[in-house]
Every structure is written in C-alpha cells, then in structure tokens.
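Below is one structure; the comments refer to it alone.
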Amino acid sequence: MVTLLEFLVAALLVIGGVFGIVGSFGLIKLNDPMSRLHAPTKATTLGVGGVLLASMLHAAAFEKYFSFHELMITLFLFLTAPITANFIAKVHIHRQETRDTMPEAGGDDHWATHDTPEDEQRRQAAPTPPADE
Amino acid sequence: MKLVWRLFPHPLLTLLLTITWLLLVNRWSLNSLVFGFLLGVLIPFVTQPFWPNRPNLRRPLKVAEYILVVLTDIVQANIIVARIVLFKPNTDRRPNWITVPLELKTPEAITALAGTITMTPGTLSADVSDEGHALLVHCLDAPNPDAVRDEIKQRYERRLMEIFE
C-alpha cells in the first residue's frame with residue numbers, strides 16, 4: 001500500500017515536471033509571439049496541477065493531515081493566469097497589429113484594444129441599436 | 001430585511017471569503033471560522049461601491065458540472081498541445097485568429113468564458129469587440145477554425161448560458 005502511494009506521488013511529480021518542461025520548451029520553439037503565449041498557460045494547468053496533486057496526496061498519505069493550500073494555489077492560478085495572458089495579448093494587438101490586420105469583429109466595428117476616445121464620443125452621440133436578440 | 005441586505009450586500013461573496021480563509025488557515029478551528037466570517041462580512045461591506053450588481057447564479061449545481069467538464073478538457077487538450085509543441089514543425093502549424101460571436105450578455109459570464117478559453121490549452125482569448133458582441137480567440141493550431149468556434153459555443157457558452165442567464 002505504501003509503495004503504491006509512493007509510486008502514485010512520484011508519477012504525479014513526473015507528469016507535472018514533463019508538462020512544465022514542454023511548456024518551457026514551447027516558449028523557445030514556437031516562432032510567433034501569440035503562439036508563444038500558449039506555452040505558459042500549459043505549464044500552469046497540468047504542470048503545476050500535477051505537482052499540487054502530488055503534494056496533497058503526500059500530505060494525506062504520509063503526514064496524516066489534509067492540506068488545502070494546494071487547492072487555493074490552483075484557484076489563484078486559474079484566476080490570475082488568464083488575466084496575465086490577456087494583458088500580454090492586448091499589448092501585442094496594440095503594438096503589432098492595426099485594425100486592418102485584425103480579423104472582423106463579428107457584427108461590431110473593431111476590437112476593444114483599438115478603441116479610441118473618438119469612438120467613445122461617437123458611440124455616445126449616436127447610440128447604435130442593440131444587436132438583434 | 002432591508003437592514004440585512006445593507007449589512008450583507010453579497011451573501012455568496014461572504015460565504016466564499018469565509019471558506020477561502022478557512023482553507024488558507026489549513027486547520028479547522030472555531031477561531032478561524034469566526035475570523036473568516038468577520039472578514040467575509042467586512043470586505044463586501046467596504047468594497048460595496050465596486051459591485052453595485054449582484055451576479056445572478058441561476059443554477060448553482062450546474063457550476064460543478066461545468067468545472068468537471070473544463071478539468072477533463074484541460075487534461076485532454078494539454079496532451080494534444082504537448083504533441084503539437086514537441087512533434088509538429090512550425091511550418092505545418094496553422095496559428096489562427098477566431099472570432100466567436102457571443103450570446104452571453106452579463107460581464108461575469110463573458111469573463112468566465114474568456115478565462116475558460118485561456119485555461120484550456122490551444123486556445124487563448126485575446127480581446128472583445130468594442131461593443132461586447134464578439135470574442136477574439138487565438139488558436140495555436142487550427143486547420144479548421146469554424147470547428148473550434150462551434151466547439152467553444154457548444155461546450156462552454158451553452159453551459160454558461162444555463163448558469164448565468
């Protein structure tokens with residue numbers, strides 16, 4: 001039983017480590033800035049997830065207490081990682097792309113990053129009819 | 001009754017903060033429960049001007065289902081993306097922008113959808129359109145952009161619609 005648990009903890013650690021290294025390797029290998037952004041989101045999900053699961057399992061199995069800090073770390077990572085990624089993406093859109101190089105913004109005119117104060121004024125002056133529900 | 005709402009403007013937030021505090025303390029005791037509850041009352045009360053509206057959770061039980069679906073997707077997608085990173089030459093990869101038209105209206109739901117898209121590897125939400133009717137998603141490898149868009153709408157947006165709207 002003990003060896004089985006040890007085996008499980010070790011396996012989770014290895015899985016976490018492998019995905020961590022794949023994420024870091026992706027940062028080097030991928031060749032355009034937006035694709036590079038994908039690599040860190042990978043490392044935070046399964047990479048960190050594997051290590052945290054291993055930590056919880058180890059605490060429960062060998063140190064005889066239930067540890068919930070890992071859940072909190074996961075929660076905070078899931079809250080912060082998308083926001084960081086979004087900020088970096090927005091910087092990229094702001095500095096490297098123009099309205100013409102971006103894809104169509106659905107039924108709207110442009111993407112929010114390319115919004116200017118003039119657009120704001122125009123919207124307030126003539127409120128567009130709401131999109132059909 | 002009015003006084004109770006005044007004192008507890010966000011009951012769900014109070015509950016969440018109390019539980020968060022207990023988990024941070026990591027050891028069960030009455031002391032930390034009381035202190036956590038105190039924080040849970042104080043923080044929403046002080047920050048009340050920031051959240052004038054209460055998010056409307058229509059079906060709280062669906063949240064559990066949603067989390068499970070997202071977690072399994074994360075594991076699957078991680079493996080797919082690891083394969084792409086390790087074995088697919090950059091010249092074969094088709095990175096692509098995808099426009100996802102939004103049916104969701106509430107900011108909370110759109111935020112949840114954007115976060116989910118980023119956390120499931122292979123897709124990354126980058127921007128919303130100026131009036132909030134579409135979401136811009138970057139795809140690591142999308143030979144067929146329409147399929148990715150339909151999957152996002154089918155799997156995540158439909159479920160979030162049920163939860164929030």
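Computed from the coordinates by the stated procedures, all read-outs in this text should not be read as laboratory data. Small disclaimer: the values here were computed from a predicted structure and weren't measured. Every residue, glycine as well, gets a Cβ built from its backbone with ideal geometry; the counts of neighbours run over all protein chains shown.
Results, tabulated for the structure shown:
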| read-out | value |
| --- | --- |
| Residue within segment B:38-51 that is β-branched (Val, Ile, Thr), part of a helix (DSSP H, G or I) and within 30 Å of B:ARG158 (Cβ to Cβ) present | no |
| Neighbours by Cβ (under 7 Å, 6+ apart or cross-chain): first from segment B:148-165, without any contact (Cβ under 8 Å) to a residue 60 or more places away in the chain; second surrounded by 20 or more Cβ atoms within 10 Å (Cβ to Cβ) and among the hydroxyl-bearing types (Ser, Thr, Tyr) | B:VAL148/B:THR123 |
| Selection within segment B:135-155 - closer than 19 Å to B:PRO107 by Cβ and either within 13 Å of chain A (Cβ to nearest Cβ) or more than 14 Å from the chain's Cα centre (by Cα) (or both) | B:LEU135, B:LEU136, B:VAL137, B:LYS153 |
| Tabulated pairs, segment A:65-91, first facing chain B (nearest Cβ under 8 Å), second in a loop (DSSP other than H, G, I, E, B), C-beta under 7 angstrom, 6+ apart or interchain | A:SER67/B:ASN26; A:PHE68/B:ASN26; A:HIS69/B:ASN26; A:ALA85/A:LEU37; A:ALA89/A:LEU37 |
| Qualifying positions in segment A:26-41 - among the hydrophobic types (A, V, I, L, M, F, W, C) and free of Cβ contacts under 8 Å to residues at least 12 places away in the same chain | A:ILE28, A:LEU30 |
| Residue in segment B:54-70 that is in a helix (DSSP H, G or I), under 18 Å from B:ILE163 (Cβ atoms) and among the aromatic types (Phe, Trp, Tyr) present | yes |
| Scope segment B:60-94; condition among the acidic types (Asp, Glu) and surrounded by 15 or more Cβ atoms within 10 Å (Cβ to Cβ); matching residues | B:ASP73 |
| Candidate set from segment B:6-37 (those that are under 23 Å from A:ILE73 (Cβ atoms), part of a loop (DSSP other than H, G, I, E, B) and not basic (Lys, Arg)); member that is nearest to the other protein chains (Cβ to nearest Cβ) | B:ASN26 |
